[in-house]
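The block underneath contains the structure these notes are about, expressed in structure tokens.
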Amino acid sequence: MTDILITGTGLYTPNDSISNEELVSAYNTWAEQHNQRNADAITAGQATEAPLSSAAFIEKASGIQHRYTMHKQGMLDPSRMRPTFTATQPGEPPEAVIMGMAAARDALAAAKLQAADIDLLIVACTNHQRAYPSIAVEIQHRLGCSGYAYDMGIACSSATFGLISAYNALKAGTAKRALLVNPEFVTPQVDLTSRDSHFIFGDVATAAVLEPADAAHPKSGFKILDTQQLTSFSDNIRCDGNYTDHCQDALPESRPYFKQEGRKVFKELLPLVTDLIENQLTHNHLQASELKRMWLHQANINMNLFAAKKLLGRLPEPHEAPTVLDEFANTASAGSVIAFHRHHDDFNPGDKGLICSFGAGYSIGSLLIEKC
């Protein structure tokens, strides 16, 4: 059976961006105003005082310095504290389509293919901007791809699960060439009035082309050697907003926002991640030291360093586990693909690496790859 290759990747970054300093200035102004308005209730123990934040706190806690956003307007307005944009009307492409198409075109160009060469298009992302019609089918239509398309998601493992789904389809012969599109339009789900989470997410889109080796015109790429997936239920990371909300008479204001129990996630998820990777390497008769690079999920710098240290037995060198958090922030499932897209040009044939993402669910997706 033929090998399956990743032959091109793409990246779309929005034009607008926000630094930690800008975000903190808006948040602290909101917090001070909140505390003044609710001073009596706070003194009486009937309301909670909003703590102040700082750029240094954010960087130490997460490694994040900056993020991109589709809609900066409103995010830095202390009287609003959420993005301002117009709802998509019928016939207009939503943000997820705009972002996804840009990343897809970038990936197709890298793979030296036309959209018509693709007969499977998967949109895999954490936040699905529209229930139906499928975002994937709209991108397929607007790009001019053939075959079939569908949406899927498993939170922050969506991109790796999408890559694995495309790999499996090509292995099974149900498609000839596949395009994974990964639009993460996530800033609208951030509670900008929460000191512990207002800084976490940024918007971005990635894409990747997968082809059988015998259909790749022979060109360079990365052969997928092995894939691993794991899910284990936990609600320590959640977002509860959904299409039934309008049926409820009263719901918490925090319902549509991302929230997590960070300490529990760190303690419970990382052992699952490192065990899965160690078992994957053992199955393939490899040690972590034989990997040239690990492109890990970009949620938090401390999580990445912990995982890499556990696998290597030492802290990684920057080139061994590159970080994109400083520029992009947490981009939900896109982070490991951004890291791969940005940091793979120095690979030589035979060099091996690992793309791994993990998150809510809990969910973990891992691909062992080799430059060919």
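Cut-off under 21 Å on the C-alpha distance; same-chain residues fewer than 8 positions from Lys171 excluded. Which lysines are left, in chain and number order?
Lys219, Lys223, Lys352, Lys371
Using θ = phi - 60° and the Karplus form 6.51 cos²θ - 1.76 cosθ + 1.60, what ³J(HN,Hα) does each residue of segment 246-259 get, whole Hz, x for Gly and Pro?
So the Karplus estimates, Gly and Pro as x, are 5, 7, 8, 6, 8, 9, x, 4, 7, 3, x, 9, 5, 8 Hz.
Hey, what do the phi angles of segment 136-143 turn into as Karplus ³J(HN,Hα) couplings, whole Hz, using 6.51/-1.76/1.60 and θ = phi - 60°, x for Gly and Pro?
Per-residue couplings from phi come out as 4, 5, 5, 5, 3, 5, 5, 7 Hz.
Using Cα centres only, tell me the gap between segment 328-372 and segment 147-200 in whole Å.
About 13 Å separates the Cα centre of segment 328-372 from the one of segment 147-200.
If you take the beta carbon distance between Asp196 and Gln229 as r and set R0 to 30 Å, what does 1/(1 + (r/R0)^6) give as a FRET efficiency, to the nearest 0.05?
Details: r = 30 Å, r/R0 = 0.99.
Between Asp196 and Gln229 the formula returns 0.50.
Highest mean first, how do 32-45, 113-126, 222-235 rank when packing is the count of other Cβ atoms within 10 Å averaged over residues?
Working: 32-45: 12.1, 113-126: 22.9, 222-235: 16.3.
Peptide ranking by packing, descending: 113-126, 222-235, 32-45.
Kindly express, to the nearest 10 degrees and within the range 0 to 90, the angle between helix 301-312's C-alpha long axis and the longest C-alpha principal axis of the chain.
40
Any idea how far apart Thr2 and Lys267 come out in nm if each label point goes 7 Å out from Cα toward Cβ?
5.0
With θ taken as phi - 60° and the coefficients 6.51, -1.76 and 1.60, list the Karplus ³J(HN,Hα) couplings across segment 157-162 in order, rounded to whole Hz; mark glycine and proline as x.
9, 4, 5, 5, 5, x
So what is the orientation-averaged projected area of the chain, using the convex hull of its C-alpha atoms, in nm²?
One quarter of the hull surface, i.e. the mean projection, equals 19.2 nm².
Any idea how far apart Gln248 and Ser79 come out in nm if each label point goes 7 Å out from Cα toward Cβ?
3.0
Modelling each spin label as a point 7 Å along the Cα-to-Cβ direction, I'd like the Arg255/Asp345 distance in nm, to one decimal.
About 4.8 nm, to one decimal.
By how many nm would the segment from Asp40 to Ala109 lengthen if fully extended, with 0.36 nm per residue of separation less the alpha-carbon distance? Numbers along the way, then the final one.
Numbers: separation 69, 0.36 × 69 = 24.84 nm, distance 6.04 nm.
Difference between extended and current length: 18.8 nm.
How far is the Cα center of segment 77-123 from the Cα center of segment 1-65, in Å?
Taking the Cα centre of segment 1-65 as reference, the centre of segment 77-123 is 24 Å away.
Give me the percent relative contact order of the chain, please, defined on Cα pairs under 8 angstrom at least 6 residues apart. Numbers along the way, then the final one.
Values: 809 pairs, mean separation 85.2, N = 372.
Reported as a whole number, the value is 23 percent.
Residues with amide H under 5 Å of Lys259's amide H, sequence separation 5 or more or different chain, H placed in the peptide plane at 1.01 Å from N; which?
Here the answer is Arg238, since their amide H atoms fall under 5 Å of that of Lys259.
For Thr88 and Met152, what is the calculated FRET efficiency with R₀ set at 35 Å and r taken between the beta-carbons, to the nearest 0.05? Don't skip to the end; give the middle numbers.
Numbers: r = 21 Å, r/R0 = 0.60.
Step by step, r from the Cβ atoms, then E = 0.95.
Can you give me the convex hull volume of the Cα atoms of segment 201-271, divided per residue and expressed in Å³?
Details: hull volume 14.5 nm³, N = 71.
That works out to 204 Å³ per residue.
Using 0.36 nm per residue, how much length does the chain from Lys309 to Lys176 gain when fully extended, once their Cα-Cα distance is taken away? If you can, show how the numbers build up before the last one.
Values: separation 133, 0.36 × 133 = 47.88 nm, distance 3.88 nm.
That pair, Lys309 and Lys176, stretches by 44.0 nm at full extension.
Read-outs: derived from the displayed coordinates by stated rules, not from any lab. Note that the structure is a prediction, hence the values are computed from the model and not measured. In this analysis, Cβ positions are derived from the backbone assuming ideal geometry, glycine residues included, and neighbour counts consider all displayed protein chains.
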